[in-house]
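Undergrad: Submitted below is the structure of interest, expressed as structure tokens.
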Amino acid sequence: MRQVRENIRGACERSGREPEEVTLIAVSKTKPVSMLREAYELGVRDFGENKVQELLDKIPRMPEDVRWHMIGHLQRNKVKYIVDKVHLIHSVDTLRLAEEINKEALKKQITVDVLVEVNIAGEESKFGAAGEETLSLVREIAKLPAVRVRGLMTIAPFVENPESNRLFFQKIRQLSVDIARENLDNVSMDILSMGMTVDYTVAVEEGADCVRVGTGIFGGRDYATGKENM
Ligand SMILES: *Cc1c(COP(=O)(O)O)cnc(C)c1O
């Protein structure tokens, strides 16, 4: 944790930013609540999960001031379970999903903050709107009264050398600036969620407001056995 914070501070220094501008989201998927509590004790308040069931299991077992981030692909039929429990949904990639969030938010009389997920590298295997459709998608979502678009999120390609993703981070930042210029009602474009364990320092240098770090904080995930690697 200290190392990650140190690296973020370094990246901020190199790019003339303040470390307070960057929110570190601890991605705790597959990890037991005991490890989330350790991170909480070290000051972490933002946790990212990618599965609805896991969120529902963990939320009641953590302090109330935790801000939960839904970062994984969200199925429409599960929206109702989490809309009023999460701080930010990072993974809105279709109008239909946004409409479902709007519907459930209206029922609960709340407004839900979301990011639009962009598949900035155009990878087959990834969810997310294509770069060129993002503006029109944001325009449509902006019409939904109970959903507020706060910005964009991207999952960059899995690479060994983080420099390979710098161009993608620059692209999505530019996209976010272009959309902000449209001055759409209900759209603020003040959050860019980008950067994971391999590339968060580059993402911070390129303007990330949120970085989503799992392995770098909690160690590797072992999906095969369900056991934890530290
Ligand atoms: C798992 C995950 C992360 C964190 O990945 P690490 O490489 O462990 O840092 C970040 N973002 C999303 C959307 C994820 O699913």
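The values are calculated or read from the model by the stated rules, or taken from the named source; none is laboratory data. These numbers come from a predicted model, not from an experiment. Counting neighbours? That spans all protein chains shown, and the Cβs are built from the backbone with ideal geometry, glycine included. Side chains included, ligands, DNA and RNA excluded: accessible areas come from the protein's heavy atoms. Shrake-Rupley method; radii C 1.70, N 1.55, O 1.52, S 1.80 Å.
Undergrad: Quick one: what are the phi-derived ³J(HN,Hα) couplings along region 193-210, Karplus 6.51/-1.76/1.60 with θ = phi - 60°, whole Hz, x for glycine and proline?
TA: 9, 7, x, 10, 3, 5, 9, 5, 5, 5, 4, 5, 4, 9, x, 4, 9, 10
Undergrad: Once amide H atoms are built 1.01 Å from N in the peptide plane, which residues 5 or more positions from Ala156, or in another chain, come under 5 Å H to H?
TA: Gly195
Undergrad: Additional query: Hey, can you grab everything whose amide H is under 5 Å from the amide H of Val92? Only 5+ residues off in sequence or another chain; H modelled, so Pro and N-termini drop out.
TA: Close amide H contacts, sequence-distant or interchain: Leu115, Glu117.
Undergrad: Also: For Asp46, which sequence-distant residues (separation of 5 or more, or a different chain) have an amide H within less than 5 Å of its own amide H, given hydrogens modelled in the peptide plane?
TA: Result for Asp46 returns Ala26, Arg67.
Undergrad: Okay, moving on. Restricting to the chain, what percent of DSSP beta bridges are antiparallel, rounded to 5? Provide the component values of the computation, followed by the final result.
TA: On the way: 1 of 29 bridges.
For the chain, the DSSP antiparallel bridge percentage is about 5.
Undergrad: For the chain, what's the relative contact order in percent, using C-alpha pairs closer than 8 Å and at least 6 residues apart?
TA: Details: 443 pairs, mean separation 45.9, N = 230.
The value is 20 percent.
Undergrad: Would you mind telling me the share, in percent, of accessible area of the chain contributed by carbon and sulfur at probe 1.4 angstrom? Show your work: numbers first, answer last.
TA: Numbers: 5340 of 11400 Å².
So the carbon and sulfur contribution to the accessible surface is 47 percent.
Undergrad: Given the convex hull of the Cα atoms of region 2-217, what is a quarter of its surface area in nm²? Don't skip to the end; give the middle numbers.
TA: On the way: hull surface 45.5 nm².
For region 2-217, averaging the hull's shadow over all directions gives 11.4 nm².
Undergrad: Could you size up the charge dipole of region 2-217 around its Cα centre, putting +1 on the beta carbon of Lys and Arg and -1 on that of Asp and Glu, and report it in debye to the nearest 20?
TA: Numbers: 31 positive and 35 negative charges, 138 e Å.
Dipole magnitude for region 2-217 comes out near 660 debye.
Undergrad: So what's region 3-94 giving for Rg/Rh, alpha carbon basis, Kirkwood Rh from the mean inverse pair distance? Show your work: numbers first, answer last.
TA: Working: Rg = 14.5 Å, Rh = 14.3 Å.
Rg/Rh: 1.02.
Undergrad: Another question about this same structure. So how do Tyr223, Tyr81, Tyr40 rank on accessible area, 1.4 Å probe, biggest first, that is with the largest at the start?
TA: On the way: Tyr223 140, Tyr81 105, Tyr40 35 Å².
Result, largest first: Tyr223, Tyr81, Tyr40.
Undergrad: Next question. Can you work out the accessible area per residue across region 76-173, with the rest of the protein chains kept in place, probe 1.4 Å, in square angstrom? Could you put the intermediate results ahead of the total?
TA: Values: 4860 Å² over 98 residues.
Spelled out: the 1.4 Å probe surface of region 76-173, per residue, equals 50 Å².
Undergrad: Which pairs, out of Lys58/Lys103; Lys107/Lys171; Lys29/Lys80; Lys29/Lys107; Lys58/Lys108; Lys31/Lys80, put more than 27 Å between their alpha-carbon atoms?
TA: On the way: Lys58/Lys103 25 Å; Lys107/Lys171 37 Å; Lys29/Lys80 20 Å; Lys29/Lys107 29 Å; Lys58/Lys108 22 Å; Lys31/Lys80 24 Å.
Check vs 27 Å cut-off fails for Lys107/Lys171; Lys29/Lys107.
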